[in-house]
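Have a look at the structure below, then the notes.
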Amino acid sequence: MQPVFLLTDLFVYAILLFVLWYMWRVRSDRNLRANWRLAMQRPVSMVSSIVLGFFLVIALADSVHYREALPASTGQTSTQYSSEASSLLDNLLKPLATARERSYSEPLSAVAFRKETFERDGVSVRDYPRLRFGGKHLQDPASELSADVSRKSWTALGLGAAIVVSLMLLGLALAMAQTGQSFSVVLTRFRNGQTLWPWRSMTITFAVLVMSITWVVMLSQGYHVFGTDRTGNSVLVFALKSVRTALVIGGLTTLVVLPLALLLGVTAGYLRGWVDEAIQYLYTLLASIPDVLLIAASVLLLQVFIDKNQGVFETSLERADARLFFLCLILGITSFTGLCRLVRGETLKLRELEYIQSARAFGVSTPRVLWRHIVPNLMHLVLINTVMQFSSFVLAEAVLSYVGVGVDPKTASFGVMINTARAELAATPLVWWTLATAFGFMFLIVLSANLLADAVRDAFDPRTRLRSASSVANTTQEVAA
């Protein structure tokens, strides 16, 4: 096995390290710890975090790339590796990815979506042919399909429920050991939601997630759960692969926006004068250019560069990854103006405060004032804006890929799925499952990010913090009672 590090993989690892560093910093900072505790004690924020954590695990599994070693031939002295890189997720989904059909098939179906002419018992007939993988274990799909799907579904739900109940009993036992209370008291407080942390909501979310996963895994052993596309590939595989693209677009673009907006906004607001005017001119100019046209022109220029320099990127995966990486850069450059304006305005207000004036009067250098006094007081705005922009970047990728200027068409993304579904929606009969799957996955990611953003905003915004703190305090008093 030979490790492969794509451009976006390196930045995914960098984002992961940054998140771990930030968690360590939150743990050592009393104010940050209090604000995050306030945000995470809301049920909606913990539910959203669990859902986003599930998608994050998928994205990380799809960000570990490597080349597999080829079988050794006679007389071979060195190990030869495959020319194409694959990820951990690719290997997990290999049974589904290799179970290709000829063309479209509906979810949980055992026959093709359209009629074909083929021979049956030596006679040429026009009917729905059997699928190669979906329901191939059935002797008579017309009479056995419903019963087999029901049996597998109940088995999967039972297995998921057993896992959830086992973990819940383990959690209740740990709670009994920590609090010294009886099982009935702990269970009553859990059932009534009288706990400091929203364990009841977290358990319900975890139960739904586990039973959904077990259902999909169990049904995937014999069927295409979300159907297949025009080329017979599983829509479920494409949707799971698209999760990484969505999270990379949201995370990496945010990573581009932050330093640009913070550096230019703080510099303009603190130094003022010609520096302020130059930076205002720059971001006003960028904000005046239609984003879609600028992004389309940049992506087309990049594509021309890639086509003329095929030797720079060894495989098609690296070329597609480079286009995804530069799309994040372009989106970040065209999207930093809003946060830059916000940071500049807040810096203009902060530089006139007494403690800043005192620091300047005592001769504290400008970089030290910016680093020790200005930037820390802007971080709540940066954090709120960052979390709220994440979902907008995910949606932006879908729109750009839909109009053909987003990621490479070979890259799995929700925008590519929606673009593909555009032609399928006009077909007769209607092919609806590709669009429905893309919509469902995007809806879950964006909704979770928006709900978490609302909770973070309420916890870090001084105007709403008191209201949230009072509601949590009431809950804490009820728990103590």
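We did not get these values from a lab; they are worked out from the coordinates using the rules stated. Because the structure is a prediction, the values reported are computed rather than measured. As a convention, Cβ positions derive from the backbone with ideal geometry for all residues, glycine included, and neighbour counts pool all protein chains shown.
Of note:
- Taken one residue at a time, the phi angles of the range 227-236 give Karplus couplings (6.51, -1.76, 1.60, θ = phi - 60°) of x, 10, 8, 4, 8, x, 7, 5, 5, 4 Hz. Gly and Pro are set to x.
- Here the scattering of the chain is modelled by Debye summation over its C-alpha atoms, one equal scatterer each and no solvent; at q = 0.13 Å⁻¹ the log10 of I(q)/I(0) is -1.35.
- Backbone HN-Hα couplings from phi across the range 424-430 [Karplus 6.51/-1.76/1.60, Hz, Gly and Pro as x]: 5, 5, 8, 7, 10, x, 5
- Relative to the 2.2 N^0.38 Å rule of thumb, the range 50-155 has a C-alpha radius of gyration ratio of 1.58.
- In the range 232-298, trypsin sites (Lys or Arg not before Pro) in a DSSP loop with at most 15 other beta-carbon atoms within 10 Å: 272
- Between the range 61-108 and the range 332-384, the Cα center-to-center distance that results, in Å: 50 Å
- Relative contact order, whole percent, for the chain stands at 21, derived from Cα pairs under 8 Å and 6 or more residues apart.
- Percent of alpha-carbon pairs separated by more than 18 Å within the range 94-168: 56 percent
- Amide H to amide H, with H built 1.01 Å from N, residue 102 comes under 5 Å of 132, counting only residues 5 or more places away or on other chains.
- Scanning residues 5 or more positions from residue 111 or on other chains, those with amide H under 5 Å from its amide H are 131, with H placed 1.01 Å from N in the peptide plane.
- Ordered from longest to shortest, the equivalent ellipsoid semi-axes for the range 1-70 are 32, 16, 7 Å, each the square root of 5 times a Cα gyration tensor eigenvalue.
- Dipole magnitude of the chain about its Cα centre (Cβ charges: Lys, Arg +1; Asp, Glu -1), debye to nearest 20: 1180 debye
- Across every pair of non-identical alpha carbons in the range 291-414, the mean reciprocal distance, once inverted, gives a Kirkwood radius of 17.4 Å.
- Dividing the alpha-carbon radius of gyration of the range 367-437 by the rule-of-thumb value 2.2 N^0.38 Å gives 1.79.
- Percent of Cα pairs exceeding the 20 Å cut-off, where the set is the range 207-279: 60 percent
- ³J(HN,Hα), Karplus 6.51/-1.76/1.60, whole Hz, each residue of the range 152-167, x for Gly, Pro: 5, 5, 5, 5, 5, 5, x, 5, x, 5, 5, 5, 5, 5, 4, 5
- Cut-off under 5 Å, modelled amide H: who pairs with residue 408 long-range: 324
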